[in-house]
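Asks: Okay, handing you the structure first.
Readers should treat all values here as calculations from the given coordinates under stated rules, not as data from a laboratory. Every value quoted in this text rests on a predicted model; they were computed, and no experiment measured them. Please note: Cβ atoms are built from the backbone with ideal geometry, for glycine as well, and neighbour counts cover all protein chains shown.
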Amino acid sequence: MTEETPGFEEKPDVPSGATPDDAEPQAASPSNGEGAAPAGDASAQQQVAGLTAQLDQVRTALDERTADLQRLQAEFQNYRRRVERDRIAVKEIAIANLLTELLPVLDDVGRAREHGELVGGFKSVAESLEVIAAKMGLQQFGKEGEPFDPTIHEALMHSYAPDVTETTCVAILQPGYRFGERTIRPARVAVAEPQPGAQTVKVDSSESEETADDKESGGPDEG
């Protein structure tokens, strides 16, 4: 066994011709990999920052394109609704014009029915025509006894009557027709108004009856 001499420390081997001081800087100097680590971290952070900026730009562009797409979709929906509305309006105008041309024929059919001339094959044809017009949406209006409405009635004759309290249609000279909410032709009517002075006479008669009752009862009580 080799005995170690106490009091002496082992020193690293030093090449021949070199002093012991030359070995200390080599042991204290860091390795090349450890010195390059901070530079690598900075480069990675720059790359992350660049990618984040690019991602923000892409998101901004995506939001803009999405808004453009939504605006175009809304405009297209409005266009479709407008086209559909115009199509319905054109269709209604065409049907209304057709029905307007048929009104004189329907008037002849009505007069023939009133005079009892709607018989035979002519009756069948007339009824078929009326059914077709009704299916297309034609509606007849105007009845005796209904209040006069200047928006749907056209007064051709005027008179006074004691048994009416307002302007009333007393005769339908020509029926009116409507298609949906559109009035194709107003009803041509004869109207009657309340008799002038009828209301005053009625009030005076009521007062006279009350006066007569007071006289029969001995007059009103005096305080």
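Asks: Note down the nm distance, to one decimal, between modelled labels 7 Å out along Cα→Cβ at Gln47 and at Ala61.
Replies: Distance between label points: 2.2 nm.
Asks: Quick one: length gained pulling Ser128 to Lys143 fully straight, 0.36 nm per residue minus the C-alpha distance?
Replies: Difference between extended and current length: 3.1 nm.
Asks: Also, quick follow-up: Suppose R0 equals 35 Å; then what is the FRET efficiency for Arg81 and Asp107 from their Cβ-Cβ distance, rounded to the nearest 0.05?
Replies: The formula returns an efficiency of 0.35 here.
Asks: Tabulate in residue order the Karplus-calculated ³J(HN,Hα) for the stretch 166-174, using 6.51 cos²θ - 1.76 cosθ + 1.60 with θ = phi - 60°, rounded to whole Hz; enter x for Gly and Pro.
Replies: For the stretch 166-174, the Karplus curve yields 8, 5, 10, 7, 9, 7, 9, 7, 7 Hz.
Asks: Could I have the simple spin-label model distance between Val119 and Glu181, label points 7 Å from Cα toward Cβ, reported in nm to one decimal?
Replies: The two pseudo-label positions are separated by 4.7 nm.
Asks: Are there GluC sites (Glu not before Pro) in the stretch 111-192 that DSSP marks as loop and that have at most 16 other Cβ atoms within 10 Å, and which are they?
Replies: Glu117, Glu144, Glu166, Glu181
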